[in-house]
1. Could you name the lysines in cross-link range of B:LYS296, using Cα to Cα under 24 Å and dropping any fewer than eight places away on the same chain?
2. Straight distance only, please: which aspartates and glutamates reach the Cα of A:LYS593 with their own Cα at less than 19 Å, same-chain residues fewer than 8 apart left out?
3. Find the percent of Cα-Cα distances in the stretch A:358-410 that exceed 14 Å, and round it to a whole number.
4. Using the Cα centre as the reference, give the magnitude of the dipole from point charges on the C-beta atoms of the protein assembly as shown (Lys, Arg: +1; Asp, Glu: -1; all else neutral), rounded to the nearest 20 debye.
5. Using a 1.4 Å probe on protein heavy atoms, which residues of the stretch B:543-565 have at least 50 Å² less accessible area in the complex than alone?
6. Return one whole number: the accessible area per residue of chain B in Å², for a 1.4 Å probe.
7. Check which residues have an amide H placed less than 5 Å from A:LEU452's amide H, if you skip close sequence neighbours.
8. Please report, as a whole percent, how much of the solvent-accessible surface of the stretch A:521-657 comes from carbon and sulfur atoms (probe radius 1.4 Å).
Number of protein chains: 2
Amino acid sequence: MYDSIKKYRFGKPIQTNAVTYEIALSTGEPDYIQISENKKTIEYKMGRNDKIYGLGEAVRGINKRGWIYESYCNDDPLHTETKRSLYGAHPFIIVDGENVFGLFTDYPDKVVFDIGYTDIDTISVTVGSPDYDLYIIFGDTPYDIVKAFRKLIGKSYTAPFWSFGFQQSRWSYYTSKDVQSVIDGYRDNDFPIDAVYLDIDYMESFKDFTVSEERFPEFDSFVKEAVQQNIHLVPIIDAGVKIEDGYTIYDEGKEKGYFCKDDKGKDFVAAVWPGKVCFPDFLNDSAAAWFGSKYKYLIDKGIDGFWNDMNEPAIFYSENRLEKALCKISSYKGKNIGIYDFFGLKDTVLGLSNSGEDYSAMYHNINGESVCHDRVHNLYGYKMTTSASNAFKEIAPDKNILLFSRASYIGMHRYSGIWMGDNQSWWSHIKLNLQMLPSLNMCGFLYSGADLTGFGDNCTEELALRWLALGIFTPLMRNHSALGTRDQEYYRFKNTEVFRNILKLRYALIPYIYSEFMKAVENDDMLFKPLAFVYRGDKLAEAVEDQLIFGDNMMIAPVYEPNALGRYVYIPEDMCAVRFRSETDFTFTDYTKGHYFVEIPCDEVVVFIRKNTLIPLISSAPSTAQLDYSTMKFIGKITAPYVYTVIKEKGILNGISHTEKTNYRIIPDNDTCVYNNYTIE
Amino acid sequence: MYDSIKKYRFGKPIQTNAVTYEIALSTGEPDYIQISENKKTIEYKMGRNDKIYGLGEAVRGINKRGWIYESYCNDDPLHTETKRSLYGAHPFIIVDGENVFGLFTDYPDKVVFDIGYTDIDTISVTVGSPDYDLYIIFGDTPYDIVKAFRKLIGKSYTAPFWSFGFQQSRWSYYTSKDVQSVIDGYRDNDFPIDAVYLDIDYMESFKDFTVSEERFPEFDSFVKEAVQQNIHLVPIIDAGVKIEDGYTIYDEGKEKGYFCKDDKGKDFVAAVWPGKVCFPDFLNDSAAAWFGSKYKYLIDKGIDGFWNDMNEPAIFYSENRLEKALCKISSYKGKNIGIYDFFGLKDTVLGLSNSGEDYSAMYHNINGESVCHDRVHNLYGYKMTTSASNAFKEIAPDKNILLFSRASYIGMHRYSGIWMGDNQSWWSHIKLNLQMLPSLNMCGFLYSGADLTGFGDNCTEELALRWLALGIFTPLMRNHSALGTRDQEYYRFKNTEVFRNILKLRYALIPYIYSEFMKAVENDDMLFKPLAFVYRGDKLAEAVEDQLIFGDNMMIAPVYEPNALGRYVYIPEDMCAVRFRSETDFTFTDYTKGHYFVEIPCDEVVVFIRKNTLIPLISSAPSTAQLDYSTMKFIGKITAPYVYTVIKEKGILNGISHTEKTNYRIIPDNDTCVYNNYTIE
């Protein structure tokens, strides 16, 4: 297997633990690519029709050709199509043309991927300093390369079964009453739900590992009551630790020297939600272990899910630079300032946040050596997340604790999921959500999803509905929205029944979703595949950017335009479309290979089942815990006996879901597409 | 005709001159709509499938349903899909459902159109004060309603023939040498071009009606030399007049009291490009006439085209509010400010520009009465533009001077065109460009176009090419980009020949483009029509959001996605597709009604000609002045004799193009789609 990967080392790379196996170093000129003399730039001349895949969390299409991207963890919530970086850093690409190969530049600071931007025919990959490991992955197809790369970087995180249920979030539900009213909103309206999120306001003054006594009194019992309603509460944990004498986490971190330093060796101070904070030095193993142990406080209260946030790390401003900025601005006072001074003022204020200058002034202690944050920027969120993941196995080996993060780097996929960050209530972000799924899968991130309804700005009912019709297929299925936006919980919309039906359909599909997810983990496979990966050689399929093969048996083609009657769908082989009005009300249509305009009203979900396969369907339930697999039937069209393997979570061993496989054998019957009869093998 | 329009008056409306005919006032309850007791809100319950058209310059689709919009001139360059207002204010909508009617709220300040945003089934139109004229336009179809409305608001502006040629702009060509090198770039590469733009830097310190001696020495000869190369130079004129003693325009305006005032009756001072400025009070007829007369300075130098900018009016900051902001910010200095203070600081700085507070502090002199800017905000750019237009007819009745504006209101369409403002190099803005065209046409604006390649941010070669393939159909065809962006002149790209071919195709199509434009002016018709307007009753056609009927004979369906093989096209009736590789190399394909995936490589332009019609095509030339109509042929498929009327600009009378019509009669010939033979009637 590993003959198909060559590894080159330049300079003295910082070890990222992105890969899990050692590969002997190659020497000499690598195949295909040209490396500049200073080793900082890798070039490749593309053919006119070459396609480029990869880059995980990034804007634009599945084919990344035609833009310049940066692998750089970046807290920027305005994901317009010309943004170069989002929250995750995933410096892996695949070239699919005359030559087919993957390129992984294992380098934990900024990597610039110019993919036909400066020159329409050239890929140019540039690192800041020539210290990195370069992996070239060979294979017959991009799909082969993904599988080889995924083997190299190790098995993906397996989220707990309950986290495949629907989850509701908002910034913020301020009190336990708010949370309970959301639970009631879903339960009273007969909408299934498994989790409600606690955004930053559950804490006391935004202090990690505290709970506001005032707003969440008797939190332990509240968590337990939620559990009795089959609701998991999932609190946020931010990277910054509030500077406050007497706050244990701060006091301990300070005393033990566990915070990042400035260039004078003093604790580096920046401001985020709690005001002034220090950043735990997650690159220092002792500090990481210390911080990880703190999750116990919440786990002991019954919490079994966390989202790690603000861990790029996001910085609103640093003490030093703010003071300088205020000095500069004050000097304008009373003066007749010109237009360029005004723009300077604007830039000064806007430039205070997430500034490279601050990152350059921040230092880590890696095995006793002081390392500038610049050199390891993309590892910060990753290491925050492994600190939690490692601790969970100690604290609660009998639980599989849900964990996902905003910032990420390749390798982190073994420890947690990610969400797609602070998106917007934009139609274009439905499509971005769809297009990012396979790209993330290529980089190992299987447990993922976007903030349904959109985080920033206000969604409309139609947007919420159309996005939901994609969201029911994503492993992480969470509705989340920002402070100041409209209420976006699904039960609040006018067409309640339609939302209910689609949400229930998610639960009816969970046997398929969970089984296919676990198979993808086990086989280092993708859960969401571009059509290009499955129908290789079909030029039309290879160009499809808005449909996905979901698991092995299903194609999805959601609507992502307002006021649409439906959408165009390319059917790459004979398929059986299922038109769901609800989990119990659905019809079948046969499609042969070709182009179709498929009418998809807002109250329907249409999926396409591949020929001679079936998908399982059960009765929905108010929560994943209440799902009854004995209600299982199979739907689709087969002409030969078909075996489907259902994977169920059986228990937890060392913090990991322990599963059981059941083979269902179904015998074809020309008269039906719904099989209630099968034999279990 | 006017029986089909009812006019209601509420309160004491400010007269906008949007309409050109008086209509007797109706009383009693208007049909269809509910008006709130305070007259500030108009409501309408939509049917589930109602479509809503109109609103001119706005984000989102042709069908405006599903968002909240504001008719409010707003300088905001980030046209994401959740923006409520852009530069133009066009408070006209059409409801197409069980009831079919148009609604024009003639009110020159903000009008909020909530079209199924707050409630998915409700339209709610709200004005700030109950002083407005309300027009309800009746008709059998939305298209009928557009025509009736267009008659009401008067004939659209007729741009000069040369302005249908290609035009190149950039912020900025700093010197006459820069301009000449762009002219050379186009001419030397055998690309046709008719105009080059002068953005703000041609002026001396951004002072209107000045030319930098240093950077544009001997400007008069330079203009003349350009004319000899068949190049029109088109300078920008900004609304703000620099405060500078000794600068004639300022001195005169100040002396005569022609500037907008503050609440104490002193000149209102704000800052834009020149630094501190006063705003000419265009709502004061004498001030408007005075400012208009100043264009003579440039017209006398040979200039025959202008773009009026910054006339919402854009305000970077006002003196008063900046000083307050600086005081507030200075007070933070040395203090341990919290996170909310920091956000306050950010908001303070960002809130300085284009603030409602400033608009409320600005006063006009309308016929001797002091009127707060708030009440007439949307008329400012309109009146700046009529001031120029009226002056042109005095200064140079023998010229048809090109004029277009950024800010606009309905009524201004009689005096000038508009461009779509400061867009971005986004693929989504190609589609927005397409979708805005028919909406603008509904409101009377026929001479329009978007900044091709995108104004803000950097375009890629593929984006430039695909956008160009739409841009060749827009009357205003201008490539423009912002300070700091990549060079985006077409001759600079790698695939020079492809750009050249497409640009030449524009010139080959000018007889069609100009003739159809002039017919639309003459008949109060639309140049770009949604398929819904032409194929009424065809449910599929009615839902199409990304194809347009261009003129009477052609359908366009440009590609607006990166890395696309082509796109889906709905063919609403039998059509003949022309696949252009160049003006001389093209092939024909017949399509019958239905859905198709049409392959469209980047180096081809595909158009669809309606059955039994033809379009004229001539040989391209380096400029419109050099076009030779004797090279005319016709292309398409006919089964009966067909007559096409070509309209040519014959001369200028009172500042308006004086035209001549020629009927070309073509006899069908089954063997060909290219007709070189015809009789001229």
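1. B:LYS207, B:LYS224, B:LYS242, B:LYS254, B:LYS256, B:LYS383, B:LYS393, B:LYS399
2. A:ASP538, A:GLU542, A:GLU545, A:ASP546, A:ASP552, A:GLU573, A:ASP574, B:GLU599
3. Taking all Cα-Cα pairs of the stretch A:358-410, the fraction more than 14 Å apart is 61 percent.
4. Working: 144 positive and 188 negative charges, 125 e Å.
About 600 debye.
5. Relative to the lone chain, where solvent access is computed with a 1.4 Å probe, the stretch B:543-565 loses at least 50 Å² at B:ASN563, B:LEU565.
6. Per residue, chain B has 33 Å² of solvent-accessible surface.
7. Result for A:LEU452 returns A:ARG478, A:ASN479, A:HIS480.
8. On the way: 2320 of 4740 Å².
The value for the stretch A:521-657 is 49 percent carbon and sulfur by accessible area.
The values are calculated or read from the model by the stated rules, or taken from the named source; none is laboratory data. Please read all numbers here as calculations on a predicted model, not as lab measurements. Here Cβ is always computed from backbone atoms with ideal geometry, including for glycine, and neighbour counts include all displayed protein chains. Only protein heavy atoms, including side chains, enter the accessible area calculation; ligands, DNA and RNA are left aside. Shrake-Rupley method; radii C 1.70, N 1.55, O 1.52, S 1.80 Å.
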